[in-house]
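A short write-up of the structure that comes next.
A short reminder: the numbers here are calculations on the coordinates, not readings from a lab. Keep in mind it's a predicted model, so treat the numbers as computed, not measured. Because the Cβ atoms are built from the backbone with ideal geometry, glycine has one as well, and the counts that use them run over all protein chains shown.
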Amino acid sequence: QTVVTQEPSFSVSPGGTVTLTCGLTSGSVSTSYYPTWYQQTPGQAPRTLMYNTNTRSSGVPDRFSGSILGNKAALTITGAQADDESDYYCVLHMGSGIWVFGGGTKLTVL
Amino acid sequence: QVQLQESGPGLVKPSETLSLTCAVSGYSISSGYYWVWIRQPPGKGLDWIGSVYHSGSTSYNPSLKSRVAISVDTSKNQFSLKLSSVTAADTAVYYCATSHRYDTSEPYYWGQGALVTVSS
């Protein structure tokens, strides 16, 4: 069974740039997987940041960007701010209408 | 903008069936989109449960497929989740969500979530 992988944790300095990735234990992620990214703070529902690899959701600042880097989907935050400290999840479409979430990345801004 | 609100019992006994409903406002279910259920055990990550199209066709997480049923009620503009034979491992915040495109079913708009605890 293919598992979606994410870094468990990441740290970035305020104003810095960080790239979170979303991969597969078997195979490469492409745009055909429709990578989608979410941001979640404690006690809140997830917020959709990015869909279809690199399309920002309404209201998401342009310092968030999505891409395919090598064999993974990537979410890059440029100019990190304190309120970017959150959990970030990706989800991939595995075919037949089935989606699988990654385990999430806990981002610390300090 | 589509708004979603989960409702249902917050406590379910082991071996019984968990039932949740998601009321939709701001959009008519019969107009399209995919209607999705996701859950999140306390302190853990997100788990995609399944989805239903407005026509009634469904897709389910293979690990839950034998126990789950998702359906739509266009007359009430809501959709529902039933999960049978629950155990403590099914304790989670359950979110309903919807896509915002007609050709893909990634969750886009989310409800606020409902905590369901499985305990005797």
**Request:** Per residue of the range B:75-83, in order, report the coupling 6.51 cos²θ - 1.76 cosθ + 1.60 (Karplus, θ = phi - 60°) as ³J(HN,Hα) in whole Hz, putting x for Gly and Pro.
**Result:** 5, 9, 6, 8, 9, 9, 10, 10, 10
**Message:** Could you tell me how many cubic angstrom of Cα convex hull volume the protein assembly as shown has per residue?
**Reply:** 116
**Phi-based couplings in Hz for the range B:40-53 (Karplus 6.51, -1.76, 1.60; Gly and Pro marked x)** = 9, x, x, x, 10, x, 7, 9, 6, 8, x, 8, 9, 8
**Asked** What ranking do A:Glu7, B:Glu106 get, fewest neighbouring Cβ atoms within 10 angstrom at the top?
**Response** A:Glu7, B:Glu106
**Message:** Please compute the average number of Cβ atoms from other chains found within 10 Å of each residue's Cβ in peptide B:100-110.
**Reply:** 5
**Asked** What average count of beta carbons from other chains do you get within 10 Å of the Cβ of residues in A:95-104?
**Response** 6
**Fill in**
Restricting to Cα pairs under 8 Å and 6 or more apart, the percent relative contact order of the range A:2-73 works out to 28
**Hypothetical label at A:Gln1: residues of the range A:92-110 whose amide nitrogen lies under 15 Å (7 Å Cα-Cβ projection)** = A:94, A:98-103
**Prompt:** Residue-wise, which Karplus ³J(HN,Hα) couplings in Hz belong to the range A:26-42, taking 6.51 cos²θ - 1.76 cosθ + 1.60, θ = phi - 60°, and x for glycine or proline?
**Reply:** 9, x, 10, 7, 10, 5, 5, 8, 6, x, 10, 10, 10, 10, 9, 9, x
